[in-house]
Structure formats: structure tokens, C-alpha cells
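The values are calculated or read from the model by the stated rules, or taken from the named source; none is laboratory data. This one's a predicted model, so the numbers in the text were calculated from it and none came from an experiment. Ideal geometry is used to build each Cβ from the backbone, glycine not excepted, and the neighbour counts take in all protein chains shown.
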Amino acid sequence: MDNSQHRILPYSYGEVRFDETKANPALTLPSNTLLFRAEGLQVAVASSNGVVELRKVQVGRDFGQTVEIISGVTAADRVITNPSDSLVTGIKVRVAEISQFCRIEITMSLVKKSRKF
């Protein structure tokens, strides 16, 4: 800052405001969408035909009730809130939209899948 006319004196103070503008604002999700798995943090996404896909996500800043998502999902994805710990990729779900603000609740179908161990 130019102070060639010495208008800013030592020990004086002022207020500064920084406007942060980003071309792409950060994507945030509710904290209750995160699944803590051995493979790392994941979220469950419902496809257009109601099939669940677990996606690994990279989390940025933690804002308490919401978290910043760096990668793994987009704003267009239908992310499942309050997913069950038993939720796995491939399960068929019925999507019940609660409001016009894209909040989605998922009711899991009782479909048994055979798995080899």
C-alpha cells in the first residue's frame, strides 16, 4: 500500500474487507452424507434408474454440519442423506423427493444380493 504522504501513522488501525470471488464455488454436502469406510470417505449416489453407487470423495474444509467436496461427486448427482452402514454399490433404491430443493431420502428395497467370500 502506498503511504508516500504518510497518512497512515504507526500504531493506527483500520478495517479491511476482502471479497472472495470464485469462478466455481465449492460444492458442499451435509456431513450426514459421508460414509466412513476402510476404503476411505465415500458418499452414496442414486442413479436415474435407482441403483446405488458408492463413490470415493475428497473432502476439503469442514464447516460442521456441511463439508466441502473437492472431488468425487458433482452438483448434478443425487446424493443419499443418512445412508445406512449396510448400503453397498448395486442395491436398488426408491427415491422419494421431499422438497423442491433437491433433498432426497432413500428407502432401500429389501433385495438380497449373493456375495462370494
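Taking the criterion of being within 17 Å of ALA26 (Cα to Cα), surrounded by 16 or more Cβ atoms within 10 Å (Cβ to Cβ) and small (Gly, Ala, Ser), the only residue of segment 46-74 that qualifies is GLY72. Restricting segment 1-31 to residues that are in contact (Cβ under 8 Å) with a residue 12 or more places away in the chain and not small (Gly, Ala, Ser) leaves a set whose member that is surrounded by the most Cβ atoms within 10 Å (Cβ to Cβ) is LEU29. Beta carbons closer than 9 Å, at least 6 apart along the sequence or on distinct chains, pair a first residue in segment 32-49 that is farther than 13 Å from VAL95 by Cα and among the acidic types (Asp, Glu) with a second that is surrounded by 10 or more Cβ atoms within 10 Å (Cβ to Cβ) and at pLDDT 95 or above for GLU39/LEU54; GLU39/LYS56.
If I filter segment 75-87 down to residues being touching a strand residue (DSSP E or B) at 6+ places or on another chain (Cβ under 7 Å) and assigned to a loop (DSSP other than H, G, I, E, B), which single residue comes out as surrounded by the most Cβ atoms within 10 Å (Cβ to Cβ)? Even if it seems obvious, please write down each step before you answer.
Kept after step one, since they are touching a strand residue (DSSP E or B) at 6+ places or on another chain (Cβ under 7 Å), are these residues of segment 75-87: 75, 77-81, 83-84, 87.
Now drop any that are not assigned to a loop (DSSP other than H, G, I, E, B), which leaves 75, 77, 80-81, 83-84, 87.
On the way: ALA75: 11, ASP77: 18, ILE80: 23, THR81: 15, PRO83: 20, SER84: 12, LEU87: 16.
Out of the qualifying residues, it is ILE80.
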